[in-house]
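Worksheet for the structure shown next.
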């Protein structure tokens, strides 16, 4: 027999939201990661290639901030992409401690080859919601994220 504890309407609603949000994120993220692996990349590598492909060369620190990962993690990601000839680093003239990362020609070709198919896959995953529902969910998630950040 299933028993459900109740902690009051406000708490029950918030806990239910948390569980649904976590499950949806896990499922969406798992499927997207599986798709990314078909390109021979990790999620972090795909994220770096995508970011550099859309925004152009940037400092490793800026790339780290865009992907909310540690500097050490991004350094490993960039090292591995560099070994594959996908990115190159250039030491900054004004600060020799800093490096700019950019896509090589091979990296640019890879970005062009993989980004659109992955975007189409994300569209397919999101298509269980109408476009209006996707926009509304996006707005609500942004409100939730920025609201939480203000209180933390």
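Throughout, read-outs are computed from the coordinates displayed, never taken from laboratory work. Everything numeric here is computed off the predicted structure, so don't read it as measured data. Please note: Cβ atoms are built from the backbone with ideal geometry, for glycine as well, and neighbour counts cover all protein chains shown.
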- Projected label distance in nm at residue 120 and residue 83, using a 7 Å step from Cα toward the beta-carbon: 3.2
- Rough spin-label spacing in nm, given labels placed 7 Å along Cα→Cβ, for residue 112 and residue 27: 3.7
- How far is helix 9-37 tilted, in degrees, relative to the longest principal axis of the Cα atoms in the chain, given as a value from 0 to 90 rounded to the nearest 10? 30
- Calculate, for residue 18 and residue 76, the FRET efficiency according to 1/(1 + (r/R0)^6) with r their C-beta to C-beta distance and R0 25 Å; round to the nearest 0.05. 0.20
- Expressed in angstrom and rounded, the centroid-to-centroid distance over alpha carbons for the range 69-85 and the range 99-141 is 21
- Cα axis of helix 43-55 to longest principal axis of the chain: angle in degrees, 0 to 90, nearest 10? 70
- Query: Cα axis of helix 131-151 to longest principal axis of the chain: angle in degrees, 0 to 90, nearest 10?
  - Reply: 90
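Given the range 9-151, what whole percent of its Cα pairs are spread farther than 23 Å?
Beyond 23 Å sits 47 percent of the P(r) for the range 9-151.
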- So the FRET efficiency between residue 11 and residue 129, C-beta based with R0 = 35 Å and rounded to 0.05, is 0.85
- Message: For the chain, set up a GNM with springs between Cα atoms under 10 Å and report which of 34, 45, 134 has the largest fluctuation.
- Response: 134
